[in-house]
Structures are given as C-alpha cells and as structure tokens.
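The values are calculated or read from the model by the stated rules, or taken from the named source; none is laboratory data. If you're wondering where the values come from, they're calculated on a predicted model, not measured in any experiment. Here the Cβ positions follow ideal geometry from the backbone for every residue, glycine too, while neighbour counts run over all protein chains shown.
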C-alpha cells in the first residue's frame with residue numbers, strides 16, 4: 001500500500017471517541033507485520049519494537065479517535081445527537097453522516113429551510129437531529145451509538161488528500177512510515193495508538209502510565225495556513241514537519257529535532273506554543289514522574305470538518321525526522 | 001407505472017451535474033431518452049420542447065414542464081494561495097457548503113474550506129458562514145498552478161452520493177428538479193398519455209424562472225402542469241403548520257405560493273382525481289417558495305396552471321431527502337391530470 005492509499009484507508013475507518021475498536025483492530029493487524037508484540041489494552045493499541053529494556057525508552061503516539069456525535073434520543077426516523085469532541089457547528093446543516101448502529105445507516109443532519117428559520121444563526125448543540133431515512137430509527141440504532149461524518153477520503157492533486165478524520169489518522173500514518181523506515185535497523189521503541197484524545201486525552205493518560213517511557217513523541221495534526229488563519233499560528237501545507245516548542249515540551253529534544261532537520265534538509269517549521277500544546281504531549285509530560293515530551297505535527301487545513309486536507313509529503317518529512325532522531329538516541 | 005424506470009431515471013439524472021446555465025449534460029441525457037419518441041427542438045435559451053404524439057388530439061394545448069438545472073457554485077476568482085473564491089448559483093446557503101467535499105466541472109476533487117473552529121472567537125463560532133469568506137480548495141499549490149486547471153466561471157458541484165434507505169427515502173443532490181424531469185421522461189417512454197402533449201424541459205429556474213418564461217412563450221399552451229419538488233420541513237425542529245408538507249403523505253398540490261395563485265378548477269380537479277384513484281395527496285400549510293408556474297401562468301395571454309410536487313427535505317443542500325412513494329404519487333397524479341384536463345373545457 002503506498003502512503004496516499006494508507007492515509008485514505010486509515011481515514012476511511014470510523015472511530016468516534018469511545019468507539020475506537022474498529023480502527024484499533026485494523027491498526028493492530030498492520031502493526032503485526034512489523035512486530036509480534038502488539039496488544040490492545042483499555043482500548044489503546046500498544047506495540048513494542050526491539051528489546052524493551054534498552055534506554056532511553058522512546059514512545060511514539062498518535063490518537064485513534066476522531067470527533068463525531070453520539071445518539072441520545074429518538075423520534076420516529078430521527079435520532080437526537082450530541083457532539084463528541086469539538087465540532088464546528090457552522091458546518092452541520094444537511095451534513096452527511098453515518099450512524100454506527102446494528103449496521104451502518106447513512107443520515108443527514110436536519111436543517112430548517114431558510115424561509116422558516118426566524119433568524120440566521122448557527123445551530124445550537126441541542127438542535128442536532130439526524131434524519132436516518134428510516135420510518136423507525138430504533139429498529140437499527142440504539143442509545144449511545146456513535147455517528148461519524150460520511151466523507152470518504154479522496155486524493156486531490158499531487159500529494160494531497162482530503163477527507164474526514166485525517167486528525168489524527170495522518171499521525172498514525174507517520175508512525176507506520178517510521179516503522180517502515182526503521183524495519184531493518186533493530187531500534188527499540190514502543191508505539192501507542194491512543195483513544196479519547198478529543199475528549200480530554202484520556203487514552204494518553206492511561207497509555208503513558210502503562211508504557212512508562214523516558215521520551216514521548218507525539219504525532220498529531222496542527223493548523224496549516226489557509227484563508228482566514230493567522231500565519232503566525234500555522235504551518236504550511238507541503239511545508240514539512242512542525243516541530244513543537246512549548247513550556248510543557250522538552251526543549252533539548254525540540255532543539256535536537258530542529259538541528260536534525262537543518263542538517264538533513266528535512267523541510268520543517270518551528271511551531272511555537274506559549275502554553276500547553278493541545279495534544280497528548282500535555283498528558284505525557286506530567287505522566288508518572290513526567291516524561292520528556294516532543295511534538296512533531298502534520299500541517300492540516302480545515303480541522304474537525306469532513307474535508308480536512310493534508311499533504312503526504314509532510315507525513316514523510318515527519319517520519320524521516322523522527323526516524324533520524326531515534327537512530328541518534330541509540331547510537 | 002414503471003417504478004423501476006422511474007427509479008433509474010431519477011438516479012441517473014441526479015448524478016449528472018448541471019447548474020443553471022450549464023444544463024448541457026442533462027439536456028443530452030434527456031434527448032437521448034426521448035428524441036426517438038418526440039419531435040424535439042432546443043430553444044435559444046437551452047430548453048427542450050418535446051412534442052409528444054398521442055392517439056388523440058386535444059382541443060386545448062397542454063404543456064407539462066420541469067426544470068433541468070440545479071443549484072451549485074461558480075468560481076469567481078483564483079487566489080494567490082491556489083484556492084478559489086466561489087459564489088452560489090441559485091439559492092444556496094453557505095452553511096450547506098462549508099466543510100464539504102465538492103467536484104469541479106472537469107472532475108477534479110476538492111473541498112470548501114474555512115479557518116479551523118479552534119481558532120475562531122466565541123463570537124465568530126456563532127456567525128453563520130458567508131460566501132465572501134469561503135473558498136474551494138482543489139489542492140493546487142498557488143495561483144499559477146490553479147490556472148492550469150481552473151478558470152473563473154467554472155462550476156463547482158456538490159459531491160454526489162445517491163442513497164436509498166431501507167424504507168425508501170432517497171438522499172441526493174439535485175432531486176430538485178430532476179424528479180420532475182424523470183417523471184416526464186417516463187411518461188414519454190411508457191406512452192402513458194393518449195393525447196398530444198408538449199413537454200418542456202427548461203433551464204435556469206434557480207436563477208429566476210428564466211427558461212420557463214421562454215419555453216411557455218414558444219409552446220404557447222392553454223394549460224400547464226408543472227412537476228416540481230417543494231420544501232418539506234417535517235423534522236423535529238418544526239411543528240404544526242411550519243412543517244409545510246410531509247414526506248410519505250403523497251403528492252403536494254398547491255393553491256398558492258410566493259409566485260403563483262393556482263387555477264382553482266385545476267386545484268379542485270387534481271384533488272378529485274387523487275381521491276377517486278386512491279393517490280395520496282396533501283397541500284402546503286404555509287405560503288412559501290415558488291416555481292416555474294410563476295412565469296408560465298402569466299405567459300402571453302395567460303395559461304391555466306397547476307403544480308404537482310414531490311415533498312422534499314433539505315432542498316438546495318448536497319443532500320435533499322425525498323420519499324419514493326411520494327414521487328410515484330406525483331407521477332400518477334400528473335398522468336391523470338394530463339389525461340383528464342379536457343374536462344375543464
């Protein structure tokens with residue numbers, strides 16, 4: 001599978017926070033091509049590569065879950081939904097979704113016709129209803145079933161792809177790319193694919209505790225520059241890896257990563273955050289006695305919409321940078 | 001009534017892209033289906049006038065009409081970063097476009113973007129999307145790169161995803177008004193009508209009922225039946241009369257909307273025929289919307305006009321929802337009206 005295909009395949013699997021079992025099973029199977037030591041613990045996928053006792057123990061993390069909704073009530077063919085994670089309510093009217101019931105049921109987020117809405121406003125979180133096209137939705141759907149965007153990942157021009165859930169399937173793709181780069185080098189490390197990032201980084205809290213690494217490298221998406229964004233807050237699509245600098249990250253590692261990128265000619269941008277990073281790295285840095293944390297982020301446009309865009313060349317840059325960092329840590 | 005044919009025609013027509021002014025692919029499809037059965041001419045404004053020959057002649061000419069165009073987007077400018085400024089063709093709400101996958105008329109895939117919700121202020125998050133802040137992104141690197149593939153004036157379409165639910169609900173773009181086109185094609189193919197009839201497949205309804213004005217002038221009928229879709233708001237967010245009409249309750253026969261006060265006798269006849277033949281029918285509980293009847297009923301010296309519509313949720317979005325049984329009811333009622341309109345003299 002080439003990288004574009006891998007990214008699209010990963011993004012094509014659902015996994016709203018709390019309901020990550022299908023994407024977890026898929027990733028476990030892919031990881032088993034590289035190592036026999038793979039398990040699913042508390043929903044997290046954990047895979048050990050090489051000898052466990054070698055120091056420093058490096059953990060690579062990306063999150064399995066994606067934003068979506070959960071079913072809270074019924075009315076005939078409609079299901080009431082509540083957001084899971086930070087949804088952009090501006091985009092909800094008539095949005096296509098899939099309800100993961102007894103079988104996958106396609107649906108549409110209800111919206112009033114313009115001439116009947118008294119004022120033009122963004123939908124409230126408690127106005128979310130999904131039209132399932134069923135006479136009785138309860139026949140196929142239960143309370144607590146999850147709902148994800150129905151937006152297949154599609155290749156765009158060149159090396160870009162567009163779809164729902166690239167946050168953070170792009171990060172998972174980076175980790176597979178690293179496994180591929182290092183497969184003949186016998187470098188020990190642990191992979192964590194964690195649940196519940198979108199709902200307070202819960203899987204990272206437990207996964208970080210169980211794995212107990214010395215260094216935690218987080219692969220998540222960050223903002224890519226596009227119309228309406230501030231350039232100072234953003235990376236550039238196709239501009240390479242975003243290396244995190246933040247009070248909660250290990251400065252020495254950030255500097256090492258930057259030096260490697262300079263030396264190897266890997267495209268990068270320093271992503272400077274004045275506080276926490278908004279990623280699982282925040283959890284790792286205060287897990288147990290505190291793990292030395294770093295972020296290597298993939299620039300992404302239109303975050304938390306069904307039409308997120310990443311450039312696979314950026315995924316490659318992130319993987320090359322991390323692989324080189326790991327080689328040097330074990331020298 | 002051939003349900004299989006009606007289903008196939010609707011699906012195939014909805015999958016074709018054709019915004020107002022760009023109906024050529026829809027027109028080609030329709031002509032390929034009917035030109036061996038009707039004498040067809042295409043007017044300067046792109047409408048098809050199809051003269052159907054029955055076994056019997058009418059005393060007064062009947063025109064049956066539906067529009068070929070759909071709402072969509074048009075590229076208005078190419079930005080330095082390779083994204084495209086877009087505007088709506090027809091009545092499209094920006095909030096039904098933001099964050100969606102779209103297709104350029106040349107088949108290139110892309111999406112409609114906006115800044116991440118994370119970076120918006122509380123106030124900005126509550127502000128509905130507007131076209132002047134939206135742009136389409138097809139993965140082009142910059143303006144120069146984009147110009148290789150895209151020109152201002154190109155059309156951008158909703159990504160289609162025609163879906164029929166287990167209970168017969170149809171989700172698709174462009175049901176408005178490909179349902180009307182499909183019904184008319186089926187009437188022709190199935191030889192449903194015993195009388196001569198003029199079928200008009202018209203352009204540019206969504207930008208001001210433009211094609212129908214010219215088609216009605218050319219056809220010069222005494223009676224007209226418009227086959228359309230109409231807004232249903234039978235969702236949990238609305239109650240009572242505000243629901244307009246409901247899916248599963250049958251064909252919608254209108255007495256008045258924003259563009260037309262319909263012919264009273266035709267309104268009465270359609271209700272009578274529906275009742276006598278066991279066809280489910282309903283009318284609208286709000287005076288809202290409008291369709292080509294608005295220009296047809298005042299064409300030349302006046303045309304006696306009725307509209308028979310498929311109730312449809314989420315009109316003008318990438319996912320309209322209609323119910324197959326309503327579409328069949330519209331078809332049957334339109335055929336009965338066409339066969340019996342002579343009663344009115």
Criterion first (over 25 Å from residue B:96 (Cβ atoms), within 14 Å of another protein chain (Cβ to nearest Cβ) and over 17 Å from the mean Cα position of the chain (by Cα)) does residue B:236 satisfy it?
no
Inside the stretch A:208-240, can you point out the residues that are over 25 Å from residue A:59 (Cβ atoms), touching a strand residue (DSSP E or B) at 6+ places or on another chain (Cβ under 8 Å) and part of a helix (DSSP H, G or I)?
A:233
Restricting the search to the stretch A:142-199, which residues are within 22 Å of residue A:128 (Cβ to Cβ) and in a helix (DSSP H, G or I)?
A:167, A:197, A:198, A:199
Wholly enclosed strands (runs of 3 or more DSSP E) of the stretch A:64-133 bearing at least 1 residues facing chain B (nearest Cβ under 10 Å), farther than 20 Å from residue B:239 by Cβ and at pLDDT 95 or above:
A:96-100, A:104-109
Take the stretch A:37-54 and flag every residue that is in a loop (DSSP other than H, G, I, E, B), within 21 Å of residue A:187 (Cα to Cα) and at pLDDT 95 or above.
A:37
Test residue B:121 against the criterion of being out of contact with any strand residue (DSSP E or B) (no Cβ under 7 Å at 6 or more places or on another chain), facing chain A (nearest Cβ under 8 Å) and farther than 12 Å from residue B:157 by Cβ, and give yes or no.
no
Taking the stretch B:82-111 and keeping only residues that are in a strand (DSSP E or B) and at the interface with chain A (Cβ under 7 Å from one of its Cβ atoms), one is left with B:101, B:109, B:110, B:111
Can you tell me which of B:294, B:250, B:278 is surrounded by fewer than 20 Cβ atoms within 10 Å (Cβ to Cβ), away from chain A (no Cβ under 13 Å) and at pLDDT 95 or above?
B:278
Apart from one, (1) surrounded by fewer than 16 Cβ atoms within 10 Å (Cβ to Cβ); (2) more than 7 Å from every other protein chain (Cβ to nearest Cβ); (3) assigned to a loop (DSSP other than H, G, I, E, B) all hold for residue B:166; the odd one out is (2)
Are any of the residues in the stretch A:135-157 at the interface with chain B (Cβ under 7 Å from one of its Cβ atoms) and more than 30 Å from residue A:4 (Cβ to Cβ)?
yes
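Condition check ((1) at pLDDT 95 or above; (2) within 29 Å of residue A:124 (Cβ to Cβ); (3) out of contact with any strand residue (DSSP E or B) (no Cβ under 8 Å at 6 or more places or on another chain)) across all residues:
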{"position": "B:210", "(1), (2), (3)": "yes, no, yes"}
{"position": "B:213", "(1), (2), (3)": "yes, no, yes"}
{"position": "B:216", "(1), (2), (3)": "yes, no, no"}
{"position": "B:223", "(1), (2), (3)": "yes, no, no"}
{"position": "B:237", "(1), (2), (3)": "no, yes, no"}
{"position": "B:244", "(1), (2), (3)": "no, yes, no"}
{"position": "B:268", "(1), (2), (3)": "yes, no, yes"}
{"position": "B:290", "(1), (2), (3)": "no, no, yes"}
Mind checking which pairs have a first residue in the stretch A:163-186 that is closer than 12 Å to residue A:35 by Cα and a second that is part of a loop (DSSP other than H, G, I, E, B), Cβ under 6 Å, 6 or more apart or different chains?
A:179/A:34; A:186/A:50
Inspect the stretch B:244-253 for any residue being free of Cβ contacts under 8 Å to residues at least 12 places away in the same chain, assigned by TED's automatic domain parsing to the domain that holds residue B:280, out of contact with any helix residue (DSSP H, G or I) (no Cβ under 8 Å at 6 or more places or on another chain) and in a loop (DSSP other than H, G, I, E, B) and give the result as yes or no.
no
All conditions in (1) modelled with pLDDT of 95 or more; (2) within 14 Å of chain A (Cβ to nearest Cβ) are true of residue B:340 except (2)
